[in-house]
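Working notes, structure below.
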Amino acid sequence: MSDHEQQQPAPGRGKVLEALARAERKVFTRPAPKSAKAQMKFLLTRAKGSTKAVAERLGVSRRTVERYRAGKLTTPQKRLKAALVEETESDWQPQVRAQARAQAATSRGMMVEVTAYFGFTCTGSSDDGRERQITTDISPTYVKQILELQEAGATEEDLHPIVAEAITESYFTEWGTRADGLRADFTAVSSISFRF
C-alpha cells in the first residue's frame, strides 16, 4: 500500500477530524509499530490479551487475530492493513498526545493551514466569498473548544463553525483589531492541516 492510500480519511471521518488525528501523530516521540504482527501484538496488549476485543475493533475473526499474533499471516489485505495502522496509531503514546493537546488548549494554541471556500457576513462591505489558502495561529481558547468537540464525538459539520470562528478571529479580524462584526464561514474544504 502506498503512503497516499494510508493517508486517506477513515470511512465516516472528514477532513478536519483526519487533520486533527494527523497532527497528533506528528508529536509521537517514537514511531508506531509497522509490521502487522507488531501492530497486532500492541493492540492485544492494549486490550489486555482479548482476541475478541481486537477482532471486533478490526472487523476480523478471532482466528485471524491469532494467526497474525503467531506470525502465520504476515501480509494483511488492504482494508485490514488500513485498520491496523489506524487503530495502532490511535492508541499509540497516549500520554504524549494528551500532553500536546493540553499545552495547545492552555498556552500554546495551534497552527492551521486550510484551503477552503470562505464566505462573509458583516456590517458594511466585505469581499465576496471565494476560495482562499490561509495559514494562521488559533488561540488556545478555540483549540480547547475544538478538542473538546472532537472528544465528544462531534461530526465534521459540528467542527466547521468553530474552526471558521477561530480563523476569523486570528486572520480576518486580527484578534479583534479590525473588521468589527465580521463573520466568516467556510465550506468545500479542499485541504486542512493542524500543527501543535
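Computed from Cα positions, the angle between helix 36-46 and the longest principal axis of the chain comes to roughly 80 degrees. Principal-axis analysis of the Cα atoms of the chain puts helix 94-103 at an angle of about 10° to the longest axis. Over 27 Å between Cα atoms, which of Lys26/Lys52; Lys37/Lys144; Lys26/Lys81; Lys34/Lys144; Lys15/Lys41; Lys81/Lys144 qualify? Lys26/Lys52; Lys37/Lys144; Lys34/Lys144; Lys15/Lys41; Lys81/Lys144, as the Cα separations exceed 27 Å there. Relative contact order of the stretch 69-195, taken over Cα pairs closer than 8 Å and 6 or more residues apart, is 29 percent. Where q = 0.08, 0.15, 0.17 Å⁻¹, what log10 of I(q)/I(0) comes from the Debye formula for the chain, counting one point per Cα? Cα-only, vacuum Debye calculation for the chain: -0.34, -0.93, -1.10.
Estimated from helices alone, the mean residue ellipticity of the chain at 222 nm is -13500 deg cm²/dmol (sum of -39500 (n - 2.57) over DSSP H runs with n ≥ 4, per residue). Of all the stretches in the chain, which is the longest one without any exposed loop site, taking trypsin sites (Lys or Arg not before Pro) in a DSSP loop (any state but H, G, I, E, B) with at most 13 other Cβ atoms within 10 Å? Longest stretch, sites excluded: 73-177. I want to verify a result. In a Gaussian network model of the chain, Cα cutoff 10 Å, which of these has the top mean-square fluctuation: Gln39, Gln77, Gln93? Largest GNM mean-square fluctuation: Gln77.
Stretch Trp175-Lys52 to full length: gain in nm at 0.36 nm per residue minus the Cα-Cα span?
Working: separation 123, 0.36 × 123 = 44.28 nm, distance 5.07 nm.
Contour length minus the Cα-Cα distance gives 39.2 nm.
The dipole here belongs to the chain: it is taken about the Cα centre, uses +1 on the Cβ of Lys and Arg and -1 on the Cβ of Asp and Glu, and is about 1820 debye.
The chymotrypsin sites (Phe, Trp or Tyr not before Pro) of the stretch 10-77 that meet both conditions, a loop assignment by DSSP and at most 16 other Cβ atoms within 10 Å of the site Cβ, are Phe28. Computed from Cα positions, the angle between helix 156-167 and the longest principal axis of the chain comes to roughly 50 degrees.
Just so you know, all these numbers are worked out from the coordinates, no wet-lab data involved. Only a predicted model underlies this, so the values are computations on that prediction, with no experimental measurement involved. Heads up, the Cβs are rebuilt from the backbone with ideal geometry, glycines too, and the neighbour counts pull from every protein chain shown.
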